[in-house]
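Single-structure report; data block below.
The values are calculated or read from the model by the stated rules, or taken from the named source; none is laboratory data. Please read these numbers as outputs of a predicted model, since none were measured by experiment. Glycine gets a Cβ as well: all are built from the backbone with ideal geometry, and neighbour counts include every protein chain shown.
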Amino acid sequence: MSSSNLYTQQLGVRLVKFPWYLFGLFATICVALPVEAAQLWEDADRDRLILAQSLAQSIDNLNEQLQIPPLHLRPGNTQRGSDRNEGDLLLRLGGQSYEKGEFDKAIAQWLQALDFYERVGDTEAIGTTYDYLGVTFAKAGYYAEAENVLRRRLAIARDLQDVRGQIHGLNNLGTILLTNSNPLGAEASFAEALELSRYISYQEGEGLSLSNLGLASAYLGRYEAAIKYYKRANIFRRRFRDFAGQANTFNNLGNAYAAMGQHDLAVAEYRLARWYSREGRDMENLFRALRGLAISYGKINEFSAAFQSLDWWIDLARNEKNLAQELAGLSLYARYHSALGRREMAVILYENAIAIAQKLNDEQSRGQLMNELSQVIYDFPFGRPRSPY
């Protein structure tokens, strides 16, 4: 029996694989952008871009907040024997598998641990195991299972009157609902988390819940409301020197302003996101900030600044050995040069981007880039330019 079927059978839910193509949605939409010199993006393309950014944000935010809690095991419970000891041992082994990125193995070990804890009726340990399973199901792409176990975890937190557990459970659940295109359900979950955070004066939870409410509002196209939520969220995140949280929220603010066509304001937010990302060594948010700057600077015709952001973006991608980010940066760079009539440099950049798409076996991007390259070459009055290299 496959692991997917095993999880579905054990949890009694229908398996829904996570649509991993969303990770490449932004790059795909960039590939489809027109290369008119007067305007790089049509209004319809801009709307598709904003939708892609909203979806990408939900995934980024998922990775930010869905972190596995520390393993709190009873001292000495590492020997075989009782059901409780067996559960603790499997919980620890699952944690080791998780740290290695072996998510399926960790899930299998934690499901076994869950059986042992249920035999002895250890409600607290059951809730902890649900936490681990919910996070790991989500990261492995089993979103139906993730939602199922997080709802069970939330029920246990309510039974135990664990308010902080409820706050984090509601935010995690809401993030999964948002990623699965249920923004209204996500919004309700985040709003309940915010209410509980205020009830117990839990400011970290309030900041997280406000930021997530902004994300849900942006997903629904309510950008002005999203901006208000994000700004309130950053008040709390500054208090705790939460650099990663601030970088994420500033990027979200930049995306909201960009969606409203206010690219000068978007630039200011992306610059702040860039600074906090660097301070916190948060590579994911740094990529997001540089991407936002490259686009928004271009929208206000500040191409020198856009090119500098693209240079930083591509250099970072190469230093991090992140071919997908390098491909996205080179592709946008090529389109800028093509749109500005710098066709010889555009050809070079297109050829570099195509080579990376081949390394990634990304046939969709490769095909689109080759089509764009052929159009650039066709437009040359004297045929294909010679590369200076």
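Pairs, please: C-beta under 6 Å, at least 6 apart or cross-chain, first residue more than 10 Å from N172 (Cα to Cα) and in region 129-141, second acidic (D, E)?
F137/E145
So which residues in region 135-169 are part of a helix (DSSP H, G or I) and either more than 27 Å from D104 (Cβ to Cβ) or among the charged types (D, E, K, R) (or both)?
Going through region 135-169, the residues part of a helix (DSSP H, G or I) turn out to be 135-140, 143-159, 163-169.
K139, E145, E147, R151, R152, R153, R158, D159, V163, R164, Q166, I167, listed by residue number.
Does Q358 satisfy being touching a helix residue (DSSP H, G or I) at 6+ places or on another chain (Cβ under 8 Å) and either under 30 Å from F240 (Cβ atoms) or in the same structural domain as A244 (by TED's automatic domain parsing) (or both)?
In short, no.
For region 117-126, give me the residue count where each residue is part of a helix (DSSP H, G or I) and surrounded by fewer than 22 Cβ atoms within 10 Å (Cβ to Cβ).
6
Residue check: is E284 of a type in the set (D, E, K, R) and closer than 17 Å to L253 by Cβ?
Yes, satisfied.
Checking the condition closer than 21 Å to I235 by Cα, in contact (Cβ under 8 Å) with a residue 24 or more places away in the chain, in the same structural domain as L215 (by TED's automatic domain parsing) and surrounded by 18 or more Cβ atoms within 10 Å (Cβ to Cβ), which residue from A289, A256 passes?
A256
Take the conditions without any contact (Cβ under 8 Å) to a residue 12 or more places away in the chain and either in contact with a helix residue (DSSP H, G or I) (Cβ under 7 Å, 6 or more places away or on another chain) or assigned by TED's automatic domain parsing to the domain that holds N319 (or both) and apply them to Q246. Does it pass?
Judged against the criteria, Q246 is not a match.
If I filter region 360-371 down to residues being without any contact (Cβ under 8 Å) to a residue 40 or more places away in the chain and part of a helix (DSSP H, G or I), which single residue comes out as surrounded by the most Cβ atoms within 10 Å (Cβ to Cβ)?
Here the answer is R366.
Being part of a loop (DSSP other than H, G, I, E, B) and among the hydroxyl-bearing types (S, T, Y) narrows it down to one residue among S189, S217, S201; which is it? Before you say what the answer is, go through the steps one by one.
Details: S189 fails: part of a loop (DSSP other than H, G, I, E, B); S217 fails: part of a loop (DSSP other than H, G, I, E, B).
Only one candidate qualifies: S201.
Consider region 95-119. How many of its residues are free of Cβ contacts under 8 Å to residues at least 40 places away in the same chain and touching a helix residue (DSSP H, G or I) at 6+ places or on another chain (Cβ under 6 Å)?
Residues in region 95-119 being free of Cβ contacts under 8 Å to residues at least 40 places away in the same chain and touching a helix residue (DSSP H, G or I) at 6+ places or on another chain (Cβ under 6 Å): 13 in total.
From the residues in region 228-253 that are of a type outside the set (S, T, N, Q) and in contact with a Phe, Trp or Tyr (Cβ under 7 Å, 6 or more places away or on another chain), which one is surrounded by the fewest Cβ atoms within 10 Å (Cβ to Cβ)?
This residue is F243.
Check off (1) within 25 Å of D242 (Cα to Cα); (2) surrounded by 21 or more Cβ atoms within 10 Å (Cβ to Cβ) for M283 and give me the number that stays unchecked.
The number of the failed condition is (2).
Anything in region 321-359 that is modelled with pLDDT under 95, in a loop (DSSP other than H, G, I, E, B) and on the phi < 0 side of the Ramachandran plot? List them, or say none.
Hits for region 321-359 are L340, R342.
Checking E206 against (1) farther than 27 Å from Y270 by Cβ; (2) in a helix (DSSP H, G or I): exactly one of these is not met. Which one?
Only one criterion is unmet by E206, namely (1).
In this structure, does D131 turn out to be among the charged types (D, E, K, R) and under 13 Å from G94 (Cβ atoms)? Full working, then the answer.
Numbers: among the charged types (D, E, K, R): yes; under 13 Å from G94 (Cβ atoms): yes.
Considered against the rule, which asks whether it is among the charged types (D, E, K, R) and under 13 Å from G94 (Cβ atoms), D131 comes out as yes.
Might you let me know whether region 300-318 holds any residue that is surrounded by fewer than 20 Cβ atoms within 10 Å (Cβ to Cβ), over 26 Å from the mean Cα position of the chain (by Cα), free of Cβ contacts under 8 Å to residues at least 60 places away in the same chain and at positive phi?
Yes, because at least one residue in region 300-318 is surrounded by fewer than 20 Cβ atoms within 10 Å (Cβ to Cβ), over 26 Å from the mean Cα position of the chain (by Cα), free of Cβ contacts under 8 Å to residues at least 60 places away in the same chain and at positive phi.
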